[in-house]
Amino acid sequence: MSTEFNLISELHDKTLVIKTEGYINNAGGEKIVQELEKHTGVNKLVLNLEKSKVVNSIGISHLIEVIEKLNQVNGKLVFTNLDPTIEKTFTIMGLFQFAGKADSIESALK
Amino acid sequence: MENNSLVEKLTLQSESFQEGFETLCKSFSFDEMAKNFLHLLRGNFISTKIHLLYKATKDSNWNNIHSQEKFSDADLALLSLNNPVTIKYISGEKYNAVVVLPLADSSYLGILIGGKLDGSVLNDFDKITLQILLQIFDSAHKSFINQKNEKKLIFELNEKVLQLNNLIDTGIELSRYENQNILFDLALGRIVILTNASSALIKISDVDTNSTENQITFPTNISPESILNSEHKIESCFDFNNKTYQLVLSEKETRKGTTSFNDLDAMLLQAVSRQVRASLENEYLLGQSLEKERIEKELNLAADIQQKIIPKELPKIEGYQLAGINFPSREVGGDYYDCIDLGGGKFALIMADVAGKGISAALLVNTLNAALYSYLEFNLPLTELADRLNKLIYKASPPDKYITFFAAVLDSNSGKLDVINAGHNPALLLRKDGTLEQIEAGGIGLGMLDLGIPYTGQTLIINSGDKLFLYTDGIPEAMNSAEEEYSEERMIDFFKAKSGQVPEAFIKSIVEDVKKHAGQAEQSDDITSLILRRI
């Protein structure tokens with residue numbers, strides 16, 4: 001079933017920047033994990049969710065997997081441009097204990 | 001080997017075992033843990049011919065872990081589940097030791113240990129070391145499983161908190177929106193989060209014809225048909241304002257694919273569905289309230305306009321008694337009466353009723369009033385006055401609006417009464433001897449048609465003791481709760497019966513009689529009357 005999810009990524013040295021668009025569900029979450037796995041040696045992932053307004057808990061479980069993968073290499077995940085509802089969701093799910101957040105990609109890359 | 005020597009060597013190794021345990025515990029996955037354990041085994045036994053195999057369940061096959069080694073059926077046959085945990089030591093074979101270790105999650109770890117690099121066989125120290133390493137792996141694996149379960153429990157707990165929080169937020173946010181499209185988008189976005197649905201639909205159809213009026217999906221690129229035809233779906237429906245709203249959820253997601261929705265999902269869908277209905281009702285009631293407020297404002301304005309042109313005080317006419325009343329209904333009508341002093345002992349008595357109610361009726365009365373004052377200054381014959389007013393009202397009003405109009409010009413000195421009746425209820429002239437005359441001469445209501453049909457006037461003489469009774473249809477057509485009219489007959493009978501009353505007293509008593517007839521029924525039209533009596 002089509003899920004209206006797209007992503008684009010850019011590599012800045014060992015930092016991968018992913019911009020998502022659409023529903024982050026099982027399919028969307030898997031695509032994010034796969035995109036990270038494509039780039040070996042990455043130790044920082046900046047995930048821009050400006051165009052994703054809905055994330056379900058299966059999508060969140062994939063994001064936790066991303067955090068754990070980055071932890072293995074002493075890396076870090078930073079979320080940017082979060083919708084207030086998603087930010088609240090991530091806070092409740094405890095994601096910010098292991099991941100950072102920033103207002104923009106630029107500030108996340110600093 | 002001497003026991004003392006063994007103890008000494010094991011004591012020296014204890015720190016290494018501790019480090020090994022910590023390394024295993026830090027493993028991110030079972031795969032990584034197995035890889036670390038393999039390193040531990042190979043390091044301790046100085047052998048590259050050590051292989052790990054994994055069996056997820058009792059009935060599944062053995063799978064290689066971190067090894068390209070091809071195992072024969074004979075090799076695999078060594079990994080018997082008959083005596084798990086037993087270490088089988090074999091001499092002179094490909095493998096010196098074989099272990100099947102049952103794990104905490106009902107899976108199995110198989111270990112095949114071949115020859116050491118120096119060609120020696122496993123000695124007592126190696127055998128004790130193997131026992132210790134197996135215990136270390138078992139403990140580390142249990143810790144790994146506990147951590148995994150703990151993470152799962154924390155995730156599920158957080159998920160429940162999130163669900164509760166989302167449900168509360170959904171209720172608050174849905175109640176805020178007045179725009180239906182935003183409301184539906186928000187409801188769909190929220191319900192897919194609450195239930196982990198892949199997609200959702202709101203279908204709106206006509207209750208009577210069942211024809212679809214609108215379909216909103218989440219995500220937006222999914223066709224409504226694919227949601228309605230999906231394998232796993234739940235739905236909730238409600239009817240409101242002659243429309244059926246059908247909320248459908250499709251394919252509950254898990255990490256392993258999609259599954260059917262559970263009872264909690266159905267309850268959450270019902271909750272969101274009720275909230276959507278409440279928001280639609282609120283929106284509807286707000287609209288109704290604003291419309292009511294608008295109508296009330298219009299009615300107040302209409303009442304103000306009407307009351308400004310109704311005379312507060314009637315002129316005194318020498319030798320006559322005059323009284324008038326306008327008792328407005330709740331829904332402002334377009335009744336109008338007046339007595340205008342024309343000078344020289346002449347007075348114009350006016351009674352009019354605009355078809356329709358509200359501000360448009362009040363404005364038309366206002367137009368009539370202004371035109372009337374203007375034309376009366378020119379001392380026009382009533383027929384010409386009526387003709388001019390007809391043309392004016394015809395142009396100034398919409399097709400469904402017209403005015404029934406009665407005018408009389410009284411010469412108070414002679415008692416001469418020139419009258420014209422443009423479609424109004426007949427005026428009643430009750431002679432002193434009890435004879436009743438109904439004055440109908442005139443023509444069509446003002447503004448009805450402009451075909452040049454001339455109005456016909458009438459001239460009468462009002463003598464001492466005669467009474468002229470002008471009224472609007474609010475009196476004969478006043479209804480009680482059984483929808484029975486007060487009637488023209490009853491009004492005429494009352495007029496005759498109370499002929500002895502002075503005009504002011506008569507007006508009071510006829511209004512009381514009308515109200516008595518109406519009882520609890522709401523007054524549907526203005527009650528307006530003007531009585532002239534020659535003393």
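Test B:Asn326 against the criterion of being under 30 Å from B:Leu468 (Cα atoms) and touching a helix residue (DSSP H, G or I) at 6+ places or on another chain (Cβ under 9 Å), and give yes or no. Yes; evaluated as a whole, the condition is true for this residue.
Would you check if there is a residue in the range B:249-256 being exposed (fewer than 14 other Cβ atoms within 10 Å of the Cβ), without any contact (Cβ under 8 Å) to a residue 12 or more places away in the chain, under 24 Å from B:Ile227 (Cβ atoms) and not polar (S, T, N, Q)? Yes, because at least one residue in the range B:249-256 is exposed (fewer than 14 other Cβ atoms within 10 Å of the Cβ), without any contact (Cβ under 8 Å) to a residue 12 or more places away in the chain, under 24 Å from B:Ile227 (Cβ atoms) and not polar (S, T, N, Q).
Per-residue answers, yes or no, for (1) within 15 Å of the chain's Cα centre (by Cα); (2) closer than 17 Å to B:Gln163 by Cα; (3) within 14 Å of another protein chain (Cβ to nearest Cβ); (4) of a type in the set (A, V, I, L, M, F, W, C):
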residue	(1), (2), (3), (4)
B:Ser226	no, no, yes, no
B:Thr259	no, no, yes, no
B:Asp263	no, yes, no, no
B:Glu283	yes, no, no, no
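Scanning the range B:228-240 for residues that are surrounded by 19 or more Cβ atoms within 10 Å (Cβ to Cβ) and more than 9 Å from chain A (Cβ to nearest Cβ) yields a total of 3.
Scan the range B:271-279 and tell me whether some residue there is among the polar types (S, T, N, Q) and in contact with a helix residue (DSSP H, G or I) (Cβ under 6 Å, 6 or more places away or on another chain).
Step one: filter the range B:271-279 for residues among the polar types (S, T, N, Q), giving B:273, B:275, B:279.
Within this subset, residues satisfying the condition of being in contact with a helix residue (DSSP H, G or I) (Cβ under 6 Å, 6 or more places away or on another chain) are B:275, B:279.
Scanning the range B:271-279 turns up at least one residue that is among the polar types (S, T, N, Q) and in contact with a helix residue (DSSP H, G or I) (Cβ under 6 Å, 6 or more places away or on another chain).
In the set A:Glu68, A:Glu21, which member is over 27 Å from B:Thr217 (Cα atoms), within 11 Å of another protein chain (Cβ to nearest Cβ) and not in a loop (DSSP other than H, G, I, E, B)?
Of the residues listed, the single one that is over 27 Å from B:Thr217 (Cα atoms), within 11 Å of another protein chain (Cβ to nearest Cβ) and not in a loop (DSSP other than H, G, I, E, B) is A:Glu68.
Scanning the range A:24-59 for residues that are more than 11 Å from the chain's Cα centre (by Cα), within 14 Å of chain B (Cβ to nearest Cβ) and of a type in the set (Ser, Thr, Tyr) yields one hit, A:Ser57.
Could you grab me the full set of residues in the range A:25-62 that are in a helix (DSSP H, G or I) and either within 17 Å of A:Ile105 (Cβ to Cβ) or in contact with a Pro (Cβ under 6 Å, 6 or more places away or on another chain) (or both)? Spell out how you get there, then give the answer.
So the first thing to find is which residues in the range A:25-62 are in a helix (DSSP H, G or I), and the list is A:26-38, A:57-62.
Passing the criteria: A:Ile32, A:Glu35, A:Leu36.
Scanning the range B:183-227 for residues that are in contact with a helix residue (DSSP H, G or I) (Cβ under 8 Å, 6 or more places away or on another chain), buried (at least 20 other Cβ atoms within 10 Å of the Cβ) and among the β-branched types (Val, Ile, Thr) returns B:Ile191, B:Ile193, B:Thr195, B:Ile202, B:Thr217. Candidates are the residues of the range A:71-110 that are hydrophobic (A, V, I, L, M, F, W, C), within 13 Å of another protein chain (Cβ to nearest Cβ) and under 24 Å from B:Glu32 (Cβ atoms); the one that is surrounded by the most Cβ atoms within 10 Å (Cβ to Cβ) is A:Leu95. Going through (1) among the β-branched types (Val, Ile, Thr); (2) over 30 Å from B:Ser5 (Cβ atoms); (3) touching a strand residue (DSSP E or B) at 6+ places or on another chain (Cβ under 9 Å) one by one, B:Val161 falls short only on (3). It is to be established whether one or more residues within the range B:393-411 are modelled with pLDDT of 90 or more, more than 58 Å from the chain's Cα centre (by Cα) and not aliphatic (A, V, I, L, M). The answer is yes, given that some residue of the range B:393-411 is modelled with pLDDT of 90 or more, more than 58 Å from the chain's Cα centre (by Cα) and not aliphatic (A, V, I, L, M).
Within the range B:166-182, track down each residue that is among the polar types (S, T, N, Q) and buried (at least 16 other Cβ atoms within 10 Å of the Cβ).
Within the range B:166-182, the first condition is being among the polar types (S, T, N, Q), and the residues that meet it are B:166, B:170, B:175, B:179-181.
Hits for the range B:166-182 are B:Asn166, B:Thr170, B:Gln180.
When the range B:37-58 is limited to residues that are among the hydroxyl-bearing types (Ser, Thr, Tyr) and at pLDDT 90 or above, the one that is surrounded by the most Cβ atoms within 10 Å (Cβ to Cβ) turns out to be B:Tyr54.
All of B:Ile227, B:Ile202 fail the test of being hydrophobic (A, V, I, L, M, F, W, C) and closer than 20 Å to A:Gly28 by Cβ, apart from B:Ile227.
Residues checked against (1) of a type outside the set (S, T, N, Q); (2) more than 25 Å from B:Leu157 (Cβ to Cβ):
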position	(1), (2)
A:Leu49	yes, no
A:Ser57	no, no
A:Val78	yes, yes
A:Thr85	no, no
A:Glu106	yes, yes
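Show the residue pairs that are 6+ apart or on different chains and have beta-carbon atoms under 8 Å apart, the first residue being within the range B:145-163 and more than 26 Å from B:Gly189 (Cβ to Cβ) and at pLDDT 90 or above, the second being part of a helix (DSSP H, G or I) and small (Gly, Ala, Ser). Nothing qualifies.
The values are calculated or read from the model by the stated rules, or taken from the named source; none is laboratory data. Just so you know, these numbers come straight off a predicted model, no measurement behind them. Backbone-built Cβ (ideal geometry, glycine too); neighbour counts: all protein chains shown.
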